[in-house]
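A.B. asks: What follows is a single structure, and I will ask about it in a moment.
The values are calculated or read from the model by the stated rules, or taken from the named source; none is laboratory data. What you see is a predicted model, and the numbers here were worked out from it, not measured in a lab. As a convention, Cβ positions derive from the backbone with ideal geometry for all residues, glycine included, and neighbour counts pool all protein chains shown. Only protein heavy atoms, including side chains, enter the accessible area calculation; ligands, DNA and RNA are left aside. Shrake-Rupley method; radii C 1.70, N 1.55, O 1.52, S 1.80 Å.
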Amino acid sequence: MLKDILNNIQKKSLKERFLLVLGILFFLIYLVLGLMIMFWEKLPLNMEWKYRYMFGVLLIVYSGIRFLRLINSKEQ
């Protein structure tokens, strides 16, 4: 399976590989940002805790959607 993934990446053009790396990078950024908002107590946001958790969960769900779109685009 790993061999198939590597072959699939090697078949991509330079532009497609760049967009793949960029997609993975933004997935990680949204995931880490959501976790930071939820669990980093000293983050300077003037929000109540319930709104911070909701905003963090929203960012994590959005990162999951981006990841699913990235995987589905890779199969086509």
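A.B. asks: Taking the stretch 63-76, which residues are open to solvent by 70 Å² or more (accessible area, probe 1.4 Å) and among the hydrophobic types (A, V, I, L, M, F, W, C)? Steps first, answer last, please.
C.D. replies: If we filter the stretch 63-76 for residues that are open to solvent by 70 Å² or more (accessible area, probe 1.4 Å), which is where we start, we get 65-69, 72, 75-76.
If the condition is that a residue be open to solvent by 70 Å² or more (accessible area, probe 1.4 Å) and among the hydrophobic types (A, V, I, L, M, F, W, C), then 65, 67, 68 are the ones that fit.
A.B. asks: Condition check: open to solvent by less than 80 Å² (accessible area, probe 1.4 Å), at pLDDT below 90 and of a type in the set (A, V, I, L, M). Does residue 60 satisfy that?
C.D. replies: no
A.B. asks: Can you say whether residue 47 is over 30 Å from residue 7 (Cβ atoms), exposed (fewer than 13 other Cβ atoms within 10 Å of the Cβ) and at pLDDT below 90, as far as the supplied structure shows?
C.D. replies: Working: over 30 Å from residue 7 (Cβ atoms): yes; exposed (fewer than 13 other Cβ atoms within 10 Å of the Cβ): yes; at pLDDT below 90: yes.
Judged against the criteria, residue 47 is a match.
A.B. asks: Right, here's the next one. Any residue at all in the stretch 22-34 that's assigned to a loop (DSSP other than H, G, I, E, B) and at pLDDT 80 or above?
C.D. replies: No - not one qualifying residue is present in the stretch 22-34.
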